[in-house]
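The values are calculated or read from the model by the stated rules, or taken from the named source; none is laboratory data. No experiment lies behind these values; they were computed from the predicted model shown. With ideal geometry, Cβ positions are generated from the backbone for all residues, glycine too; neighbour counts draw on all protein chains shown. Just the protein is used for accessible areas: all its heavy atoms, side chains included, with ligands, DNA and RNA removed. Shrake-Rupley method; radii C 1.70, N 1.55, O 1.52, S 1.80 Å.
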Amino acid sequence: MTQSPQTNAKGFSKAFWVSNTVELFERMAYYAVFIVLTIYLSSILGFNDFEASMISGLFSGGLYLLPIFTGAYADKIGFRKSMIIAFSLLSAGYLGLGVLPTLLEAAGLVEYGEVTRFSGLTDSSERWMIVPVLFVIMLGGSFIKSVISASVAKETTETTRARGYSIFYMMVNFGAFTGKTIIDPLRNAIGEQAYIYINFFSASMTILALLSVILLYKSAHTAGEGKSMSEIGRGFLRIITNWRLLILILIVTGFWMVQQQLYATMPKYVIRMAGETAKPGWIANVNPFVVVCCVSFITRWMAKRTAITSMNIGMFLIPVSALLMACGNLLGSDVIAGMSNITLMMILGIVVQALAECFISPRYLEYFSLQAPEGEEGMYLGFSHLHSFLSSIFGFGIAGVLLTKYCPDPALFASREAWEAASMNAHYIWYYFAGIGLVAAVALLIFAKTTEFIDKKKKV
């Protein structure tokens, strides 16, 4: 693979840095909204816990399923055109999330303020207008999932790729950290209306990314652009018949099912268990903060190890993180004055979870990019996100069931005492996810040993 002539002193092209910068903007936009999406669906649109979890899960799942197809299309039309399409759709979608509540309020179905007052919305079909709005965001985001990570593959060589993905993943998490930081101060200032106004912040970020692509992005790598649908079909067939990639996706799905609980379970769990003053945005920010601080060091530390070895370490950390989260409901008096044990143990669990991510995610993308023939990077990197489709569907679905069973909405109970009795075993939620993480970790270890044995046998 040749390097773009527009390289800087560190060996990366201008297109590489533009790709990473717009990824930063996109992640800021996405996580500002996604961290409170289930709360937006419940508090602003009146969906119950299970409905909100399923809508969020299908949205997140589609966001990671569609890249299989949009990645192939991006290879065909080129990454610049794909990014322009993506950021145009995202801008329209986030604006839609901000405008929809205004339309519902104008229809007399709800009144928004510091606290939302429903007057018919919970029984109205009009709240389902959220579905096409989320689909627009889902479609735009699906292009980004494949294009930016594939652009990193195009703009790096085999010697710079691990470092390139480390930088990419650091930008992803810096964007995630910044986006999540916005919501808690906004919620403290204006109450539940924050879940509406945060969408306008996200729209401004994607508009900024769109302008950056139009004005600054130009790549010297055009292999694969303009290929026929039959060529795309043959490339797709090569991917779906690669048993190693398919098994690896299924195994890594276990890790991401636990990781998805930052958004599926944690926000409602901490608010219900630690009180309305809990700050789920700040708690979730522990993850990207640790990743930004540690991912470069861990990537360098593991540079001489294979991608699978690095991933194995991370996989055995993930069940530990879930068990730490469960401990918040088991401790007695607060360990740290002024901080509930729920918050403290959630933070400790997320720290371990973030370290696991540092070992797994950049090397996982590197592993997939090395399997991709030139000109098919978008398709392969799009396919690599299939694990997030599966983990979103199953992770959010399970979260909805477990929240309803072990940590239900306090508004459904006549008294605080009745709710406390119903949520006494709320920590059981995390035992389920610890079990899922452990099974995935053992499966990856077996996968690594099996593939190593097969490869050695082939060389004989």
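From E114, E105, grab the single residue that is at pLDDT 85 or above, over 26 Å from the mean Cα position of the chain (by Cα) and over 27 Å from S82 (Cβ atoms).
E105
Can you give me the number of residues within the range 296-316 that are within 13 Å of V352 (Cα to Cα) and hydrophobic (A, V, I, L, M, F, W, C)?
Final tally of qualifying residues: 3.
Of these, Y64, Y31, Y40, which one is farther than 25 Å from L186 by Cβ and touching a residue at least 40 places away in the same chain (Cβ under 8 Å)?
Result of the check over Y64, Y31, Y40: Y64.
Out of the residues in the range 422-434 meeting the condition of being among the hydrophobic types (A, V, I, L, M, F, W, C) and over 20 Å from the mean Cα position of the chain (by Cα), tell me which one is nearest to I249 (Cα to Cα).
I429
Please work out which residue is surrounded by the fewest Cβ atoms within 10 Å (Cβ to Cβ), limiting yourself to the range 140-165 and to residues that are farther than 13 Å from V22 by Cα and among the aliphatic types (A, V, I, L, M).
A162
Residues to consider are F87, F168; find the one that is open to solvent by 10 Å² or more (accessible area, probe 1.4 Å) and either closer than 27 Å to Y40 by Cβ or not in a strand (DSSP E or B) (or both).
Checking each option against the conditions leaves just F168.
With the requirement that a residue be of a type outside the set (A, V, I, L, M, F, W, C) and modelled with pLDDT of 90 or more, what does the range 128-162 give you?
Scanning the range 128-162 gives P132, G140, G141.
With respect to the numbered conditions (1) part of a helix (DSSP H, G or I); (2) among the hydrophobic types (A, V, I, L, M, F, W, C); (3) open to solvent by less than 30 Å² (accessible area, probe 1.4 Å), which one is the sole condition not fulfilled by F69?
It fails just one condition, (3).
Kindly evaluate T309 against the criterion of being assigned to a loop (DSSP other than H, G, I, E, B) and over 21 Å from the mean Cα position of the chain (by Cα).
For T309, the condition - assigned to a loop (DSSP other than H, G, I, E, B) and over 21 Å from the mean Cα position of the chain (by Cα) - is not met.
Could you list, in sequence order, all residues of the range 388-421 that are surrounded by 21 or more Cβ atoms within 10 Å (Cβ to Cβ) and within 13 Å of the chain's Cα centre (by Cα)?
Passing the criteria: S388, F389, S391, S392, I393, G395, F396.
Restricting attention to the range 423-443, report how many residues are at pLDDT below 95 and open to solvent by less than 40 Å² (accessible area, probe 1.4 Å).
The qualifying residues number 3.
Contact list please: Cβ distance under 8 Å, first residue in the range 416-428 and closer than 19 Å to I398 by Cα, second residue open to solvent by 70 Å² or more (accessible area, probe 1.4 Å), pairs at least six apart or on different chains.
H427/L330
Give the residue that is modelled with the highest pLDDT, with candidates limited to residues of the range 319-345 that are small (G, A, S) and open to solvent by 20 Å² or more (accessible area, probe 1.4 Å).
Selected residue: S340.
Would you kindly identify the helices (runs of 4 or more DSSP H) lying entirely within the range 227-300 that contain at least 1 residues that are of a type in the set (D, E, K, R) and either open to solvent by 50 Å² or more (accessible area, probe 1.4 Å) or within 27 Å of E374 (Cβ to Cβ) (or both)?
229-240, 243-259
Any chance the range 346-359 includes a residue that's more than 19 Å from the chain's Cα centre (by Cα), crowded, with 17+ Cβ neighbours inside 10 Å, β-branched (V, I, T) and part of a helix (DSSP H, G or I)?
Scanning the range 346-359 turns up no residue that is more than 19 Å from the chain's Cα centre (by Cα), crowded, with 17+ Cβ neighbours inside 10 Å, β-branched (V, I, T) and part of a helix (DSSP H, G or I).
For residues that are in contact with a Lys or Arg (Cβ under 6 Å, 6 or more places away or on another chain) and polar (S, T, N, Q), tally how many sit in the range 118-177.
So the answer is 0.
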